[in-house]
1. Treating only the Cβ atoms of Lys and Arg (+1) and Asp and Glu (-1) as charged, compute the dipole magnitude of the chain about its Cα centre; round to the nearest 20 debye.
2. Net charge near Val119, counting Lys/Arg +1 and Asp/Glu -1 over other residues with Cβ under 13 Å of its Cβ?
3. Around Ala150, under 12 Å between beta carbons, what's the net of Lys plus Arg minus Asp minus Glu among the other residues?
4. In whole Hz, what ³J(HN,Hα) sequence does the range 17-29 give by Karplus (6.51, -1.76, 1.60; θ = phi - 60°), x for Gly and Pro?
5. In debye, nearest 20, what is the charge dipole magnitude of the range 1-104 about its Cα centre with +1 on Lys and Arg Cβ and -1 on Asp and Glu Cβ, if you could check?
6. Dipole of the chain (Lys/Arg Cβ +1, Asp/Glu Cβ -1, origin at the Cα centre): which of Ser4, His140, Gly200 lies farthest to the positive side?
7. Hey, can you grab everything whose amide H is under 5 Å from the amide H of Ser25? Only 5+ residues off in sequence or another chain; H modelled, so Pro and N-termini drop out.
8. Excluding Met40 itself, calculate the net charge of residues whose Cβ lies under 10 Å from the Cβ of Met40, where each Lys or Arg counts +1 and each Asp or Glu counts -1.
Amino acid sequence: QKLSIVFAIDRAGLVGADGATHAGSFDLSFLRCIPNLTIMSPSNAKQMYQMLNTAFDMPGTVCVRYPRGTSKVDQYISDECIKAGTAEIMRQGSNIAILAFGTMLEAAMQAAGELDATVVDMRFVKPLDETLIIKLSKSHAQFITIEDNAVNGGAGSGVSEFLHQQQINTPLTILGLPDTFTEQGTQNELYELYGLDATGIINAAKQ
């Protein structure tokens, strides 16, 4: 019906102390296949507010998925919006382009120094910034996507589908959660366990 609805999706990704049963590990996979849906994934608290503003201003159904945590509300409240379907280059490097979704941006930035990698805050899972992906494919030899969602059908799968549709042969490594239910542990422990920290990104790039 293309109704204007905003889904504010709390506890996305790995939730640490809330336990394995509360992990938001699958939402990108089951939301991506729904037509006429916009999906945003903020990388920090300020961006979350900007995306909620954007969602309320957009026609149609919009999802904003954000992790478990706290923020200083007064510090991050903003009237700013984000242009739909656009990503942002956070670091310009060479050879490797890391496409980070949501809070995985921090780990990507930590790894980028050692790899001299370009880092992109993708911001939108659907629609992807296809123009930027095409541009990066012409200047980089390798893509790495990283997300706190199951690899199967997640954001990285969306990038892979687009590269295939465009017949772009740039190698792609997809980092995300495995095809299992997650373990119990703190967020940092689980990021390390599943290779979603800076070390995991560096190892994936070298492999």
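The values are calculated or read from the model by the stated rules, or taken from the named source; none is laboratory data. Nothing here was measured: the structure is a model prediction, and the numbers come from that model. All Cβ positions, glycine included, derive from the backbone under ideal geometry; neighbour counts span all protein chains shown. Side chains included, ligands, DNA and RNA excluded: accessible areas come from the protein's heavy atoms. Shrake-Rupley method; radii C 1.70, N 1.55, O 1.52, S 1.80 Å.
1. Details: 14 positive and 22 negative charges, 104 e Å.
Result for the chain is approximately 500 debye, rounded to the nearest 20.
2. -3
3. Overall, the nearby charge balance is -3.
4. 4, 5, x, 4, 6, 9, 5, x, 9, 10, 5, 4, 5
5. In total the dipole reaches around 200 debye.
6. Selected residue: Ser4.
7. Correct list: Gly13.
8. Values: positive: Arg65, Arg123, Lys126; negative: none.
For residues surrounding Met40, the net value is +3.
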